[in-house]
Amino acid sequence: MNKSGLLFRVGLGVGGTAVIVALLCTYLFYGFTFQQEIEASEQQANSLFVTVKESAASAAYLGEQGVDLARELVAGLSNNELIAAAAMEFSGLTVSSGEVGQADAVAERFAIYSIFQPDQKIGELLLFLDEAHIQQRAESLARSSAFAMLFLAFLITLLVILAAYWLVTRPLTSLANHLHDIEPGTQERLAVPDFHNDSELGSLVGDINDLLAKVQLQLNEERELRNQIQSLERKFRLMFQNSVSPIVLADIKGNVLLHNQAFERLLNALGLSEQQQHGPMLCNLFASPTAMLNTIMPALKSNNVALGEFKLKTPAEQAGIWVQMVVSSFKSDEAQEYQQITLHDISSQHEELKALSIQAQYDPLTELLNRHGLENKMDEKISKRDVFTLVLFDLNWFKQVNDQYGHAAGDSMLKYVADGIRNTLEDEDIGGRWGGDEFVLLINDSCRQRIEVTCQRLLDFIIQPYYLQQFDTHVQIGASMGAAIFPNDGIDIKHLVARADKAMYRAKGYKSRDNHEDFLIFATDALSTTGDE
């Protein structure tokens, strides 16, 4: 018999399993039987004691006069097949029968109590179980069970081997030999084995015959598919080479394995020569390679595709080039990792967005920062923990001018104030229009003297008589200012503006056309005067 054959392995597996199960069951049955016999013997010993306990109590109560009765009692107990020996201890006497204390006997002790005083112990009855007899009975039962199970295992193994041979091995061997001789592409087919028309073997034969019938058809389809793939490859290469966006195929070390003509044009625009290595992720092409890698690499590890917008490293005389970078990572059939990098030129869109962003932060009338732009600047300074002073001021008597001479005159005066802000502030300081006739100064300092000097210079400019050419007249306005210092007067925009606004309204209480003193109030001074928090 072939040792690698299915029949041999089935027989060996079934027979070995049956023998192991039989031995395991025999071992477990032996232990269970032995324990059951011990428990049954103990129960019988208890029953014997219950039967003779009154007689034993009478003999123990009589003392020396009850020795004969005790001898008859232990002799009668010793005649039981489970009892190897018995003994009674009472009144300092010991009455026994058999070999008390033998090595293979298990002693069971029972207390003997007085007939007249049930709580008074007057002796003990010792029953020595015949463990050898119990073990012999257990082994006999286990041996019989083992022989029966081994015989059953042998019988089951034999039947399984015969069934496997007739129903599985013989048909499979015949099918394998026949299939080995069939030439692919011919009309020869396998025959279904007897008794297997509706079995798995019958289904297998049908599937094999269908497979043989389709081989030639599949060969023809494969040839046609190969031609289609070659055609698609030519089309994809044509599309790849003529793409307007640079496309690069690189390995994880940054070596460029394949690129299109648009990438070559990009290198020429950047003043770079065509080479195989431009750094990981083409980082040498970017103005801020570290920022690009910090954006792309984490996204690439968590997703299949990484996106980002970055500026390329262009010559100083050229306009900046911004690209949207798309990176996808994949593995080949050989488990080699590659990266496809596509660069879309978004320079025009980026410039438009930049212009719109700037426009959204500036006041179209005064060309100063608007409220949104000022809040962004304050956010930047607060996040960097830069010390600065917020000066909030509005124009005194501006409403009268606006109401009397019209909005055009008011707009003209607002532009005049904006010019004064630009001429007064240092380069590191920022000015803007908060809204209406309210303006904001962000002075990059916390020194009161410098703030007072700057604000006084601006006030001197504002209070100068302003000539309205359309009405051929001069008008004069003033300003009330409130100052709050970060971080002393507040740690966020809301509190800084609130403190500066409260101080500004305190300054408005001192205003007059002839007296411009106390035009500037600091938030700390306003709080100390009012006691507000």
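Observations on the model:
- Top-ranked residue of the range 50-82 - restricted to ones that are assigned to a helix (DSSP H, G or I) and under 28 Å from residue 141 (Cα atoms), ranked as most open to solvent (accessible area, probe 1.4 Å): 78
- Summed over the range 442-472, residues that are free of Cβ contacts under 8 Å to residues at least 24 places away in the same chain and either basic (Lys, Arg) or farther than 27 Å from residue 487 by Cβ (or both) total 7.
- Hey, residue 348 in a loop (DSSP other than H, G, I, E, B), of a type in the set (Gly, Ala, Ser) and either at pLDDT below 85 or surrounded by 11 or more Cβ atoms within 10 Å (Cβ to Cβ) (or both) or not: no
- Top-ranked residue in the range 243-284 [being at pLDDT below 75 and touching a helix residue (DSSP H, G or I) at 6+ places or on another chain (Cβ under 9 Å); ranked as surrounded by the fewest Cβ atoms within 10 Å (Cβ to Cβ)]: 273
- Count of the range 382-396 residues which are within 19 Å of residue 521 (Cβ to Cβ) and of a type outside the set (A, V, I, L, M): 5
- Complete set of residues in the range 37-58 that are touching a helix residue (DSSP H, G or I) at 6+ places or on another chain (Cβ under 8 Å) and free of Cβ contacts under 8 Å to residues at least 40 places away in the same chain: 55
- Yes/no for residue 436 being modelled with pLDDT under 95, small (Gly, Ala, Ser) and open to solvent by 40 Å² or more (accessible area, probe 1.4 Å): yes
- One residue alone among 377, 381, 415 is over 27 Å from residue 448 (Cβ atoms) and among the basic types (Lys, Arg), and that residue is 415.
- Condition check for residue 398: in contact with a helix residue (DSSP H, G or I) (Cβ under 7 Å, 6 or more places away or on another chain) and either open to solvent by 90 Å² or more (accessible area, probe 1.4 Å) or closer than 24 Å to residue 494 by Cα (or both): no
- Matching residues, the range 495-533, being modelled with pLDDT under 80 and open to solvent by less than 30 Å² (accessible area, probe 1.4 Å): 526
- The range 204-239, residues that are open to solvent by 90 Å² or more (accessible area, probe 1.4 Å) and either outside any helix (DSSP H, G or I) or of a type in the set (D, E, K, R) (or both): 207, 214, 221, 222, 223, 224, 226, 233, 234, 235, 237
- Filter result for the condition that a residue is open to solvent by less than 40 Å² (accessible area, probe 1.4 Å) and in contact (Cβ under 8 Å) with a residue 40 or more places away in the chain, over 156, 134, 161: 134
- Selection count, the range 329-344, where residues are in a strand (DSSP E or B) and open to solvent by 100 Å² or more (accessible area, probe 1.4 Å): 1
- Within the range 231-256, the set of residues being over 22 Å from residue 331 (Cα atoms) and free of Cβ contacts under 8 Å to residues at least 12 places away in the same chain comprises 231, 234, 235, 238, 239.
- Filtered by the rule that a residue be in a strand (DSSP E or B) and more than 14 Å from residue 283 (Cα to Cα), the range 297-321 gives 305, 306, 307.
- Residue 329 vs. criteria of a type in the set (Ser, Thr, Tyr), at pLDDT below 80 and farther than 22 Å from residue 353 by Cα: no
- Subset tally (residues that are assigned to a helix (DSSP H, G or I) and more than 44 Å from the chain's Cα centre (by Cα)) for the range 476-499: 2
- When the range 393-415 is filtered for residues that are over 60 Å from the mean Cα position of the chain (by Cα), closer than 12 Å to residue 365 by Cβ and in contact (Cβ under 8 Å) with a residue 40 or more places away in the chain, the ones remaining, listed by number, are 408, 412, 413.
- Checklist (1) open to solvent by 30 Å² or more (accessible area, probe 1.4 Å); (2) closer than 28 Å to residue 268 by Cα applied to residue 310, failing item: (1)
- Tally, over the range 356-387, of residues that are basic (Lys, Arg), over 22 Å from residue 417 (Cα atoms) and open to solvent by 70 Å² or more (accessible area, probe 1.4 Å): 2
The values are calculated or read from the model by the stated rules, or taken from the named source; none is laboratory data. Since we're looking at a predicted model, the values are computed, not measured. When we count neighbours, we look across all protein chains shown, and the Cβ atoms used for this are built from the backbone with ideal geometry, even at glycine. Surface areas here come from the heavy atoms of the whole protein model, side chains and all, with no ligands, DNA or RNA. Shrake-Rupley method; radii C 1.70, N 1.55, O 1.52, S 1.80 Å.
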